[in-house]
Amino acid sequence: MNRPIIWLLGVTALFCLACNDNSTIEKKLESKTKQPYTFPAPKGWTTEFIPFPISFAPQIPYSGYESLCFSPEWEYVKSDQHWAYAFVWWLNDNPDINAESLQQNMSLYYSGLLNSNIEKRNIPQADMITPAATITKIATAPGDKETYSGTIKMLDYLDLLHPTISLNCLIHKKDCSNHVALLFQISPKPFNHSVWNQLNELNKSFSCK
(Lines give C-alpha, C1' and ligand atoms only; values in the text may rest on other atoms or scores of the structure.)
Protein backbone atom coordinates (compact mmCIF):
# COMPACT_ATOMS: atom_id res chain seq x y z
CA MET A 1 0.00 0.00 0.00
CA ASN A 2 1.60 3.29 -1.01
CA ARG A 3 1.90 6.32 1.22
CA PRO A 4 -0.91 8.49 -0.31
CA ILE A 5 -3.40 5.69 0.21
CA ILE A 6 -2.27 5.24 3.82
CA TRP A 7 -2.67 9.00 4.36
CA LEU A 8 -6.15 8.97 2.82
CA LEU A 9 -7.28 6.15 5.07
CA GLY A 10 -5.86 7.90 8.11
CA VAL A 11 -7.55 11.20 7.38
CA THR A 12 -10.86 9.51 6.64
CA ALA A 13 -10.67 7.76 10.01
CA LEU A 14 -10.11 11.12 11.69
CA PHE A 15 -13.11 12.60 9.89
CA CYS A 16 -15.65 10.08 11.15
CA LEU A 17 -15.03 10.10 14.82
CA ALA A 18 -17.29 7.12 15.11
CA CYS A 19 -14.06 5.23 14.43
CA ASN A 20 -13.26 6.28 18.00
CA ASP A 21 -13.02 2.69 19.30
CA ASN A 22 -16.41 1.91 17.77
CA SER A 23 -15.28 0.62 14.37
CA THR A 24 -16.02 -2.99 15.27
CA ILE A 25 -19.53 -2.05 16.38
CA GLU A 26 -20.07 -0.12 13.14
CA LYS A 27 -18.91 -3.02 10.98
CA LYS A 28 -21.28 -5.36 12.78
CA LEU A 29 -24.12 -2.87 12.41
CA GLU A 30 -23.41 -2.40 8.71
CA SER A 31 -23.27 -6.15 8.10
CA LYS A 32 -26.55 -6.71 9.96
CA THR A 33 -28.34 -3.72 8.44
CA LYS A 34 -29.78 -4.43 5.04
CA GLN A 35 -29.79 -0.96 3.62
CA PRO A 36 -33.20 -0.22 2.08
CA TYR A 37 -31.64 2.15 -0.45
CA THR A 38 -28.86 2.23 -3.03
CA PHE A 39 -26.11 4.83 -2.79
CA PRO A 40 -23.27 3.49 -4.97
CA ALA A 41 -19.87 5.13 -4.57
CA PRO A 42 -18.08 6.19 -7.77
CA LYS A 43 -14.88 4.32 -8.59
CA GLY A 44 -12.04 5.44 -6.35
CA TRP A 45 -14.27 7.00 -3.71
CA THR A 46 -14.09 5.79 -0.11
CA THR A 47 -17.07 5.08 2.12
CA GLU A 48 -18.01 5.16 5.80
CA PHE A 49 -21.05 4.01 7.75
CA ILE A 50 -21.99 5.67 11.07
CA PRO A 51 -24.93 4.90 13.36
CA PHE A 52 -26.93 7.59 15.12
CA PRO A 53 -26.37 9.09 17.59
CA ILE A 54 -23.25 10.36 15.85
CA SER A 55 -20.41 10.17 18.37
CA PHE A 56 -19.02 13.63 17.63
CA ALA A 57 -22.47 15.27 17.42
CA PRO A 58 -24.77 13.39 19.84
CA GLN A 59 -27.03 16.44 20.19
CA ILE A 60 -28.53 15.75 16.75
CA PRO A 61 -31.82 14.14 17.85
CA TYR A 62 -32.26 11.38 15.28
CA SER A 63 -32.07 7.62 15.09
CA GLY A 64 -30.91 5.78 12.02
CA TYR A 65 -27.55 5.85 10.31
CA GLU A 66 -25.29 7.84 8.00
CA SER A 67 -23.60 6.59 4.82
CA LEU A 68 -20.72 8.71 3.46
CA CYS A 69 -18.82 8.81 0.16
CA PHE A 70 -15.52 10.73 -0.01
CA SER A 71 -13.91 11.90 -3.25
CA PRO A 72 -10.40 10.45 -3.80
CA GLU A 73 -8.63 13.76 -3.07
CA TRP A 74 -11.04 15.34 -0.61
CA GLU A 75 -8.30 15.93 1.98
CA TYR A 76 -5.79 17.49 -0.46
CA VAL A 77 -5.89 21.25 0.01
CA LYS A 78 -4.83 22.13 -3.55
CA SER A 79 -7.18 19.69 -5.24
CA ASP A 80 -10.49 20.69 -6.81
CA GLN A 81 -11.89 17.71 -4.88
CA HIS A 82 -10.90 19.21 -1.51
CA TRP A 83 -13.85 18.68 0.88
CA ALA A 84 -15.93 17.17 -1.94
CA TYR A 85 -18.07 14.38 -0.55
CA ALA A 86 -21.67 13.30 -0.04
CA PHE A 87 -23.62 11.51 2.65
CA VAL A 88 -27.07 10.14 3.32
CA TRP A 89 -28.92 10.35 6.61
CA TRP A 90 -31.41 7.48 6.80
CA LEU A 91 -33.75 8.59 9.59
CA ASN A 92 -36.31 6.58 11.51
CA ASP A 93 -39.69 7.86 12.72
CA ASN A 94 -40.24 10.42 9.95
CA PRO A 95 -38.79 13.46 11.75
CA ASP A 96 -39.94 16.89 10.64
CA ILE A 97 -37.37 18.45 8.31
CA ASN A 98 -37.22 22.12 7.43
CA ALA A 99 -34.62 24.81 6.80
CA GLU A 100 -34.43 25.72 10.48
CA SER A 101 -33.81 22.17 11.70
CA LEU A 102 -31.26 21.53 8.95
CA GLN A 103 -29.43 24.74 9.78
CA GLN A 104 -29.28 23.87 13.46
CA ASN A 105 -28.19 20.28 12.89
CA MET A 106 -25.54 21.19 10.32
CA SER A 107 -24.06 23.70 12.77
CA LEU A 108 -23.99 20.98 15.45
CA TYR A 109 -22.53 18.44 13.04
CA TYR A 110 -19.61 20.57 11.89
CA SER A 111 -18.98 22.02 15.36
CA GLY A 112 -18.63 18.49 16.69
CA LEU A 113 -16.44 17.50 13.75
CA LEU A 114 -14.12 20.45 14.29
CA ASN A 115 -13.95 20.02 18.06
CA SER A 116 -13.04 16.37 17.61
CA ASN A 117 -10.07 17.33 15.45
CA ILE A 118 -8.51 20.38 17.08
CA GLU A 119 -6.75 18.51 19.90
CA LYS A 120 -5.33 15.64 17.85
CA ARG A 121 -4.13 18.12 15.23
CA ASN A 122 -2.71 20.56 17.82
CA ILE A 123 -4.75 23.44 16.46
CA PRO A 124 -4.43 26.52 18.71
CA GLN A 125 -7.62 27.67 20.38
CA ALA A 126 -6.88 31.15 19.01
CA ASP A 127 -7.53 29.79 15.51
CA MET A 128 -10.92 28.39 16.45
CA ILE A 129 -14.14 29.69 14.97
CA THR A 130 -17.61 28.32 15.61
CA PRO A 131 -18.98 26.67 12.47
CA ALA A 132 -22.18 28.28 11.21
CA ALA A 133 -24.64 26.91 8.68
CA THR A 134 -27.10 28.87 6.57
CA ILE A 135 -29.78 26.76 4.87
CA THR A 136 -32.59 27.88 2.55
CA LYS A 137 -35.38 25.91 0.89
CA ILE A 138 -35.19 26.17 -2.91
CA ALA A 139 -37.15 24.92 -5.92
CA THR A 140 -37.67 21.18 -5.64
CA ALA A 141 -35.22 19.23 -7.79
CA PRO A 142 -36.40 16.23 -9.86
CA GLY A 143 -36.72 13.14 -7.68
CA ASP A 144 -36.86 15.12 -4.44
CA LYS A 145 -39.66 15.72 -2.00
CA GLU A 146 -37.92 18.93 -0.92
CA THR A 147 -34.59 20.55 -1.82
CA TYR A 148 -32.40 22.89 0.19
CA SER A 149 -29.26 24.88 -0.48
CA GLY A 150 -26.80 26.52 1.85
CA THR A 151 -23.29 27.08 3.15
CA ILE A 152 -21.30 25.98 6.17
CA LYS A 153 -18.52 28.32 7.28
CA MET A 154 -15.86 26.65 9.40
CA LEU A 155 -12.16 26.29 10.08
CA ASP A 156 -10.45 24.07 7.51
CA TYR A 157 -8.66 21.75 9.91
CA LEU A 158 -7.22 19.80 6.96
CA ASP A 159 -5.18 22.85 5.94
CA LEU A 160 -2.06 23.47 8.04
CA LEU A 161 -2.68 27.22 7.72
CA HIS A 162 -6.19 26.74 9.24
CA PRO A 163 -8.06 29.21 7.03
CA THR A 164 -11.80 29.69 7.10
CA ILE A 165 -13.57 27.65 4.45
CA SER A 166 -17.10 27.98 3.12
CA LEU A 167 -18.64 24.66 2.13
CA ASN A 168 -21.50 24.83 -0.35
CA CYS A 169 -24.19 22.23 0.14
CA LEU A 170 -27.27 20.87 -1.56
CA ILE A 171 -29.65 18.80 0.56
CA HIS A 172 -32.16 16.47 -1.07
CA LYS A 173 -35.06 15.18 0.99
CA LYS A 174 -36.30 11.92 -0.51
CA ASP A 175 -39.67 10.24 -0.20
CA CYS A 176 -38.84 6.79 1.19
CA SER A 177 -42.02 5.28 2.62
CA ASN A 178 -41.92 5.50 6.45
CA HIS A 179 -38.38 6.90 6.58
CA VAL A 180 -36.78 10.23 5.76
CA ALA A 181 -33.68 10.10 3.58
CA LEU A 182 -31.55 13.24 3.37
CA LEU A 183 -28.80 13.28 0.76
CA PHE A 184 -26.15 15.95 1.32
CA GLN A 185 -23.74 17.09 -1.38
CA ILE A 186 -20.75 19.10 -0.13
CA SER A 187 -17.98 21.08 -1.82
CA PRO A 188 -16.41 24.53 -1.41
CA LYS A 189 -16.51 24.92 -5.20
CA PRO A 190 -19.41 26.86 -6.79
CA PHE A 191 -22.32 24.78 -8.05
CA ASN A 192 -21.29 25.26 -11.69
CA HIS A 193 -17.82 23.75 -11.10
CA SER A 194 -17.06 20.39 -12.71
CA VAL A 195 -16.52 18.75 -9.30
CA TRP A 196 -20.31 18.82 -8.89
CA ASN A 197 -20.75 16.47 -11.85
CA GLN A 198 -19.91 13.41 -9.77
CA LEU A 199 -21.75 14.77 -6.75
CA ASN A 200 -24.84 15.15 -8.94
CA GLU A 201 -24.37 11.63 -10.27
CA LEU A 202 -24.39 10.37 -6.68
CA ASN A 203 -27.74 12.06 -6.17
CA LYS A 204 -29.12 10.64 -9.42
CA SER A 205 -27.97 7.13 -8.54
CA PHE A 206 -29.66 7.16 -5.13
CA SER A 207 -32.87 5.18 -4.85
CA CYS A 208 -34.97 3.89 -1.98
CA LYS A 209 -37.90 1.54 -1.52
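The values are calculated or read from the model by the stated rules, or taken from the named source; none is laboratory data. The structure presented is a predicted model; accordingly, all values stated were derived computationally and were not measured. Cβ: placed from backbone, ideal geometry, glycine included. Neighbour counts: every protein chain shown. In case anyone asks, the SASA skips ligands and DNA or RNA and just uses the protein heavy atoms, side chains included. Shrake-Rupley method; radii C 1.70, N 1.55, O 1.52, S 1.80 Å.
Observations on the model:
- Exactly one residue out of Ile54, Ile129 is buried (at least 19 other Cβ atoms within 10 Å of the Cβ) and either of a type in the set (Val, Ile, Thr) or more than 26 Å from Pro36 (Cβ to Cβ) (or both): that is Ile54.
- Those strands (runs of 3 or more DSSP E) of the range 90-209 in which at least 1 residues are in contact (Cβ under 8 Å) with a residue 12 or more places away in the chain and of a type in the set (Phe, Trp, Tyr), considering only elements entirely within it, cover 146-155, 179-187.
- All positions within the range 62-89 that are open to solvent by 10 Å² or more (accessible area, probe 1.4 Å) and either of a type in the set (Phe, Trp, Tyr) or modelled with pLDDT under 95 (or both): Tyr62, Tyr65, Tyr76
- Qualifying residues in the range 177-199 (those that are under 16 Å from Val88 (Cβ atoms) and open to solvent by 60 Å² or more (accessible area, probe 1.4 Å)) - the one modelled with the highest pLDDT: Gln198
- Residue list for the range 47-89, filter: part of a loop (DSSP other than H, G, I, E, B), under 22 Å from Glu201 (Cα atoms) and touching a residue at least 60 places away in the same chain (Cβ under 8 Å): Ser71, Pro72, Glu75, Asp80, Gln81, His82, Trp83, Ala84
- Hey, Ala41 surrounded by fewer than 19 Cβ atoms within 10 Å (Cβ to Cβ), in contact (Cβ under 8 Å) with a residue 12 or more places away in the chain and at negative phi or not: yes
- Given (1) at pLDDT below 95; (2) open to solvent by 70 Å² or more (accessible area, probe 1.4 Å); (3) aliphatic (A, V, I, L, M), index of the condition Ala139 fails: (1)
- Test set (1) of a type in the set (Asp, Glu); (2) at pLDDT 90 or above; (3) open to solvent by 30 Å² or more (accessible area, probe 1.4 Å) - Asp144 fails condition number: (3)
- For Leu202: the one exception among (1) over 15 Å from the mean Cα position of the chain (by Cα); (2) open to solvent by less than 20 Å² (accessible area, probe 1.4 Å); (3) under 22 Å from Ser79 (Cα atoms): (1)
- Of the numbered criteria (1) surrounded by 16 or more Cβ atoms within 10 Å (Cβ to Cβ); (2) touching a helix residue (DSSP H, G or I) at 6+ places or on another chain (Cβ under 9 Å), the one Lys174 fails is (2).
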